[in-house]
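Have a look at the structure below, then the notes.
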């Protein structure tokens, strides 16, 4: 791991047991939510993770923060293997690792006012000498996310969706973390509010040197805020590239299908471009297909795809893809 790399995942796995039985539960299989993902995130950059619902994006983000325990592999953060830490050491480390949740309403306790929500983490980590010092810290954080200080005495239901998401950002920001995992940070918001929140995240990153792992299904959002994009399918990475490279030169059939579904504002271009429609449903992660996991929905699948699982390989600088025939499909 280079000195500039803040996060490095190696063969990370999260397998959930399938239990059956009447009197005694027994393990009859496993749901392979994350199955051998390796990636790295440079300090101060934004890594976007995209894919269909159920592909393992959120589980990977939670496993990095140890909100879900990994089954195998390693998650190295600033030179420390998080998977090897005990509960006390991990609790201390969590000050540097924060998360913005998808639903800004359900992630906030309706019985706590905003001051209580924002100072809870400060009290847990022993930051601030007293209530007045902590109140000053959360006041400065509210200023940073564009909320008035009178909001401290209010409750989550008294705010709009965009304001609640700013409160969620403030909760993550108040501990001065190095890494923020943003799980669908704008998917529950109106389009006009989405732009405001994305601009806020970009400003905070520039001002504070933050590193982001952004989990999303909206490819347009990821394109504008991410430096590197990884595409997940059925628990595994199938393509990874710098953002501009991925959108102008997608190599994996799944990535090409995803991008073909993104509407283009120019009607002439929209009419001329090829639309790739995927057939069938996402296979079960408890019983993935043999060989290439995408082959059951891939319009270019061949015999080799059923027999041999493609490994991620580099086809250009920083551009890796898991497809046997990627060069032929360009």
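If you check 118, 189, 147, 175 for being assigned to a helix (DSSP H, G or I), in contact with a helix residue (DSSP H, G or I) (Cβ under 7 Å, 6 or more places away or on another chain) and buried (at least 17 other Cβ atoms within 10 Å of the Cβ), only one passes: 118. When 27, 22 are screened for being at pLDDT below 95, out of contact with any helix residue (DSSP H, G or I) (no Cβ under 8 Å at 6 or more places or on another chain), assigned to a strand (DSSP E or B) and surrounded by fewer than 16 Cβ atoms within 10 Å (Cβ to Cβ), only 27 passes.
Scan segment 21-33 and give yes if some residue there is under 24 Å from residue 247 (Cβ atoms), touching a residue at least 60 places away in the same chain (Cβ under 8 Å) and in contact with a strand residue (DSSP E or B) (Cβ under 6 Å, 6 or more places away or on another chain), otherwise no. No, there is no match, as no residue in segment 21-33 is under 24 Å from residue 247 (Cβ atoms), touching a residue at least 60 places away in the same chain (Cβ under 8 Å) and in contact with a strand residue (DSSP E or B) (Cβ under 6 Å, 6 or more places away or on another chain). Examine segment 157-173 for a residue that is touching a strand residue (DSSP E or B) at 6+ places or on another chain (Cβ under 7 Å) and closer than 21 Å to residue 227 by Cα, and state whether such a residue exists. Within segment 157-173, one or more residues are touching a strand residue (DSSP E or B) at 6+ places or on another chain (Cβ under 7 Å) and closer than 21 Å to residue 227 by Cα. Scanning segment 192-245 for residues that are surrounded by fewer than 15 Cβ atoms within 10 Å (Cβ to Cβ), modelled with pLDDT under 90 and farther than 20 Å from residue 103 by Cα yields a single hit, 224. The residue that is farthest from residue 237 (Cα to Cα), counting only those in segment 54-74 that are outside any helix (DSSP H, G or I) and out of contact with any helix residue (DSSP H, G or I) (no Cβ under 8 Å at 6 or more places or on another chain), is 67.
For segment 76-90, filtering for residues that are assigned to a helix (DSSP H, G or I) and either free of Cβ contacts under 8 Å to residues at least 12 places away in the same chain or on the phi > 0 side of the Ramachandran plot (or both) leaves 4. For residue 152, state whether it is over 21 Å from residue 94 (Cα atoms), surrounded by fewer than 21 Cβ atoms within 10 Å (Cβ to Cβ), in contact with a helix residue (DSSP H, G or I) (Cβ under 6 Å, 6 or more places away or on another chain) and in contact (Cβ under 8 Å) with a residue 24 or more places away in the chain. For residue 152, the condition - over 21 Å from residue 94 (Cα atoms), surrounded by fewer than 21 Cβ atoms within 10 Å (Cβ to Cβ), in contact with a helix residue (DSSP H, G or I) (Cβ under 6 Å, 6 or more places away or on another chain) and in contact (Cβ under 8 Å) with a residue 24 or more places away in the chain - is met. The single condition among (1) touching a strand residue (DSSP E or B) at 6+ places or on another chain (Cβ under 7 Å); (2) surrounded by 15 or more Cβ atoms within 10 Å (Cβ to Cβ) that residue 81 does not meet is (2).
When residue 169 is tested against (1) part of a loop (DSSP other than H, G, I, E, B); (2) within 20 Å of residue 66 (Cα to Cα), exactly one condition is not met: (1). Among the residues making up segment 40-53, those that are buried (at least 20 other Cβ atoms within 10 Å of the Cβ) and assigned to a strand (DSSP E or B) are 41, 46, 47, 48, 49, 50.
The values are calculated or read from the model by the stated rules, or taken from the named source; none is laboratory data. Predicted model only: the values in this text are computed from it and were never measured. Don't worry about glycine lacking a Cβ; one is built from the backbone with ideal geometry, like all the others, and counts go over all protein chains shown.
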